[in-house]
1. For Cα Rg over 2.2 N^0.38 Å, the choices are (i) 0.98; (ii) 0.93; (iii) 1.14; which was calculated from the structure?
2. What chymotrypsin sites (Phe, Trp or Tyr not before Pro) does the stretch 266-364 have in DSSP loop regions with at most 16 other beta carbons within 10 Å?
3. Counting other Cβ atoms within 10 Å of each Cβ, which trypsin sites (Lys or Arg not before Pro) in the stretch 1-59 have at most 12 and sit in a DSSP loop?
4. Largest first, how would 82, 187, 232 line up by accessible area (1.4 Å probe)?
5. With a 1.4 Å probe and all protein chains kept in place, how much accessible area does residue 18 have, in Å² rounded to the nearest 10?
6. Treating the angle as unsigned and between 0 and 90°, give the value, to the nearest 10°, between the Cα long axis of helix 33-47 and the longest Cα principal axis of the chain.
7. With respect to the cross-link table entries 123/176; 228/357; 71/380; 14/176; 33/71; 198/357, which display a Cα-Cα separation exceeding 20 Å?
8. Compute the distance from the alpha-carbon center of the stretch 69-112 to that of the stretch 20-44, in whole Å.
Amino acid sequence: MSNLELRLHKGQSKVYLDSSNIRMLCAGRRFGKTRLQVVSIISNVMSFDRELNELSPETVLVVLPTLVQAKRVIWKPLVSIFSKIPGAVINRTEHTLSLPGKPTVIVAGAESADGIRGLRVWKFHGDEVQDFPPSFLETVVFPAMSDTEGSSSLLTFTPKGKTNWTYQFSQRETTKLYQMDTLTNPFINPDEVEKYRKILPPRVFRQEYQASFESFAGQFFTEFAPEKHNVFPENMPTFERTFLGVDWGDIHPAYVVVGLVNGCLYVVEWENVGDGTNPVPSGVFLSRIADASKRWNCYRAFADPSRPSAIVEMRTYGRRYSVPGMERCVSANNAILPGISDINSLLFQDRLMVIEKANSELLSYRRKPIRNDSENFEDKVADGQFDHCVDAMRYVIHSLNTRNKGRLVNGNSIHKLDG
């Protein structure tokens with residue numbers, strides 16, 4: 001191990017040296033979870049000191065929520081290290097790494113549960129386990145470890161509220177839980193963390209950087225206050241650029257217009273088209289969008305990606321009737337919870353203003369209760385909400401933020417004003 005220079009900081013070492021059967025590390029961002037996992041995996045392989053079972057050889061199973069994520073986060077560093085070890089065999093097709101007489105390391109995604117069943121797991125390493133299916137460990141992993149001598153697991157994650165399965169699991173007597181905030185990592189600049197304390201809502205900051213299990217109320221937009229965040233026609237600024245957000249729907253299509261100036265966003269139109277009962281012809285909806293795009297000189301539209309054909313139709317309409325904002329229509333980034341987090345962060349910073357017409361949808365936008373009579377909520381949008389304009393607004397804001405690598409929400413200069 002020393003020859004490979006796989007060093008750990010004090011917080012990582014504390015978890016690494018623990019011999020508990022089930023270890024869970026709930027860590028703040030940039031604590032160094034992946035490095036801890038990589039060092040632990042290599043150590044597992046090298047320390048194996050008995051003969052492999054010939055009929056059912058022991059394995060070291062490494063799982064992230066998806067194989068794509070596993071390849072990006074942990075496969076590459078493992079390959080880099082194994083390539084330096086004499087006799088190592090790296091199978092890039094099957095995503096396995098092996099040494100003579102040692103357990104094979106198998107890297108997989110939690111979505112391939114059927115492929116994992118039947119393995120004899122000696123050591124299990126799960127990263128970002130908050131995004132695993134709730135039953136994945138109990139129905140897939142632990143049965144594969146039940147008859148393997150010396151089996152143990154290391155589960156690392158960032159907290160996702162008390163409604164996520166990781167909270168209840170971490171409270172079991174059989175689980176050894178570590179909670180370590182970002183600054184446990186001595187290589188993190190405290191000033192950088194302090195910057196996020198100022199721009200993130202307090203509960204979000206505690207969750208993301210202090211590894212705290214937070215209880216979030218039913219309302220999603222906890223930072224929205226109409227008395228602070230409403231903008232009126234007489235106070236409307238001149239925008240550097242404007243964008244359309246479009247939510248398709250046969251009966252409830254909707255669009256919003258969002259203006260950007262000096263790092264602040266203004267939602268200046270909030271329109272649910274139709275009577276809510278009868279289908280709205282696509283030509284009628286596109287005509288309404290075209291009128292708004294021309295009035296506000298919209299540069300680009302971010303549309304619900306679930307209907308690629310509608311996006312093509314919108315681009316064609318824009319070319320035919322000379323509406324550049326529609327012609328530049330693209331699929332929006334539709335990550336729901338990250339998009340909601342972006343909106344809350346901008347509201348907390350008082351950098352998102354909306355017209356009064358938006359108040360009702362924003363204030364009523366709620367999480368799904370665990371049960372109908374429960375005051376505890378899931379991190380999911382409740383069914384049956386009238387949230388079409390909320391979705392359209394999220395398409396614009398989250399797409400702009402992701403295209404600018406988080407600069408919009410972080411308050412830095414935005415380089416891609418064209419979206």
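The values are calculated or read from the model by the stated rules, or taken from the named source; none is laboratory data. These figures come from a predicted structure and were not determined experimentally. Using ideal geometry, Cβ is built from the backbone for each residue, glycine included, and neighbour counts are taken over all protein chains shown. Heavy atoms of the whole protein, side chains included, go into the accessibility calculation; ligands, DNA and RNA do not. Shrake-Rupley method; radii C 1.70, N 1.55, O 1.52, S 1.80 Å.
1. Structure-derived value, by its label: (iii).
2. Working: sites: 266, 270, 285, 296, 299, 302, 317, 321, 348; in loops: 299, 321.
Of the chymotrypsin sites (Phe, Trp or Tyr not before Pro), the ones in loops of the stretch 266-364 whose Cβ has at most 16 other Cβ atoms within 10 Å are 321.
3. On the way: sites: 7, 10, 14, 23, 29, 30, 33, 35, 50; in loops: 7, 29, 30, 50.
The qualifying sites are 7, 50.
4. Numbers: 82 5, 187 170, 232 80 Å².
Heavy-atom accessible area, descending, gives 187, 232, 82.
5. Accessible surface of residue 18 is approximately 30 Å².
6. Between helix and principal axis, roughly 20 degrees.
7. Working: 123/176 16 Å; 228/357 15 Å; 71/380 27 Å; 14/176 12 Å; 33/71 16 Å; 198/357 29 Å.
Too far apart for the 20 Å limit: 71/380; 198/357.
8. 17
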